[in-house]
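Working notes for the structure below.
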Amino acid sequence: MNKSFDEIFEYVKTLEVFDTHEHIELPSDYDGPRDVLADWLAHYLSSDFISAGMTGAQMDRVRDAKLPLMERYAIAEPYFDVCRYTGYGQAIDLSAKLLYDIDGVHRETVEAIDEKRKAAFADTAAHYRRALRDGCNIAVSVVDTLRHSGEYDRAVVLEHGLWFATKIDCLLCPEQDGAVAFHAAERRFGRIDTLNRWLEICEVYLREAAARGIPGLKVARAYARDIYFRDAPKSDADECFRKLAENIHAGRLYAQWYTDCEDYILHHILGIADELGLAVQIHTGMQEGNVHDIRATDPRKLTNLILKYRNVKFDIFHIGFPYHDALTAMAKKYHNVFIDMCWAHIISPDVSRRALGEWLESVPYNKIFGFGGDYIFVDGVPGHLYIARRNIAKTLAEKVGEGLFSIDRAADIAKAILYDNPAKVFNWRNQRV
């Protein structure tokens, strides 16, 4: 197997990658350079630190770039030690090596990493190119940010390799973020009092986004609610939206969760996505952070949507971890379900390898998307992608050793899951010409 792994891994490291999911901003929007601890503990590894016992007050101090770097590292050092071997810890240490040629984050290296990072970010656009396109051979990254949602034209996509998906949470939940999207819609379309009017506006937004050539829609409501979206009666949804609009106009936000109209709006949007041929990315499984209820995000809760909107390609995020076994059955059974390994390789490298091995013998391999970095800071991506490439090579080498397929076929499968499969579902070839 070692010979097979070495040969396959060397090939996999050369492959162009379609990155299905990131949260990074455009280089022009990066508000840095922040220092290495402020950036690299923005999320993920910080969640492991909290899990290991770091307090919120300690985390605030470690992230505070106004304080001396080594003073903050002294607080973080015990947590680096116990979290270094998790996927999150591995990715950060690997990125230090791949980007700055320094062997991991340690007391002896953290200042050198910080100095090299600041020098690299003197030209942020060039650093992005080194980190993503030149260093990782990433053709394109489908991006969901807090700042932008499907705003950029094709020329910008081709220049930076960042292709912004349209996040629809603000359409599903109009009171979200202080009803900013609702108020913006009223400035453009006039006063909104009824669900029917809101549905018309949703359709305008979606058709405009599709005309710009977006990769698809993104639903991240798993951070706020159970992901079962029932087929709510129109009468219930009408009354629910009437109360919602009344509260927004009166400045009474977050009075309650308006799930009836939210469920109805998502069904309406999926009907439009069905017509327009848009893929839909949905967060399932574990959420980032240390507080959410994992039980609410089992991908099986989406089954009614999958069965009803048969022409919508559902890109099921994060392998549904820890419900990846259920996702195996869903992807095997339903033609419009695709398994996305974004984030999964650093949640647990071992689980990701075992799950991929299961899928290769249970699911058509054109249903598997092999990588999405899912980072809000660009420096995290190279380390994560290295783990993903290694996982894929190890799993394929095991199957070669078992006699399931040849090394040549393993190479074909690696190319498919890292590039061809998502590129086809998101019509990336049409964007490149």
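The values are calculated or read from the model by the stated rules, or taken from the named source; none is laboratory data. What you see is a predicted model; the values in this text were computed from it and never measured. Because the Cβ atoms are built from the backbone with ideal geometry, glycine has one as well, and the counts that use them run over all protein chains shown.
Filtering region 123-132 down to residues that are touching a residue at least 12 places away in the same chain (Cβ under 8 Å) and under 13 Å from ASP31 (Cα atoms), which residue is surrounded by the fewest Cβ atoms within 10 Å (Cβ to Cβ)? The qualifying residue surrounded by the fewest Cβ atoms within 10 Å (Cβ to Cβ) is ALA125. Across region 30-60, the qualifying residues are those that are free of Cβ contacts under 8 Å to residues at least 24 places away in the same chain and farther than 30 Å from ALA126 by Cβ, and the one among them that is surrounded by the most Cβ atoms within 10 Å (Cβ to Cβ) is MET59.
So, ARG230, is that one surrounded by fewer than 18 Cβ atoms within 10 Å (Cβ to Cβ) and not in a helix (DSSP H, G or I) or not? Yes, satisfied.
Here's a check for you: in region 143-196, which residue that is part of a helix (DSSP H, G or I) and in contact with a Phe, Trp or Tyr (Cβ under 6 Å, 6 or more places away or on another chain) is modelled with the lowest pLDDT? Among those that are part of a helix (DSSP H, G or I) and in contact with a Phe, Trp or Tyr (Cβ under 6 Å, 6 or more places away or on another chain), it is VAL157. Across region 328-348, what is the total count of residues that are under 24 Å from ALA397 (Cβ atoms), among the aliphatic types (A, V, I, L, M) and in a helix (DSSP H, G or I)? The number of residues fulfilling the criteria is 4. Considering VAL425, VAL381, the condition of being over 29 Å from LEU94 (Cα atoms), under 18 Å from the mean Cα position of the chain (by Cα) and outside the structural domain of SER51 (by TED's automatic domain parsing) is satisfied by VAL425 alone.
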